[in-house]
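Novice: Quick one: the structure is below, and I'll ask about it shortly.
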């Protein structure tokens, strides 16, 4: 039986290497796609649980904190409108002073714009820790469904 020469054998090995490289890249891409899907699912479930909690307990510490996060974190008008937040004021680009503020400019008030009415203060029937534990339990039930 004729023995393949080293040049032919080397070419065959390089083809195998190329094919394995392609398969590795495909497997890595598939793993990244699946991880993105899991991440999107986690965000969807967490958001649904958070919005459900706010609908049931609009004056809870969680609701106040969450609405503040949305109010400060969402800057695009279409995103803000999804949560019934007021559009941010349109700012002209004044020249900034050394402290980051334009001359005479004051920091905006840190008042939340709530999705639902949120009282400024209330006596807590449960501690924040108990409230978040209950919320996490509801999230676990949603994730198991």
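Novice: Residue 28 to residue 41: extension gain in nm, 0.36 nm per residue of separation minus the Cα-Cα distance?
Specialist: Values: separation 13, 0.36 × 13 = 4.68 nm, distance 2.00 nm.
Gain on extension, residue 28 to residue 41, equals 2.7 nm.
Novice: Another question, then. Using packing as a proxy for protection, rank 21-34, 54-67 so that the peptide with the highest average count of other Cβ atoms within 10 Å comes first. Intermediate values should be presented prior to the final figure.
Specialist: Working: 21-34: 10.0, 54-67: 17.1.
Descending packing order for the listed peptides: 54-67, 21-34.
Readers should treat all values here as calculations from the given coordinates under stated rules, not as data from a laboratory. What you see is a predicted model, and the numbers here were worked out from it, not measured in a lab. Note that each Cβ is placed from the backbone with ideal geometry, even for glycine, and that neighbours are counted across all protein chains shown.
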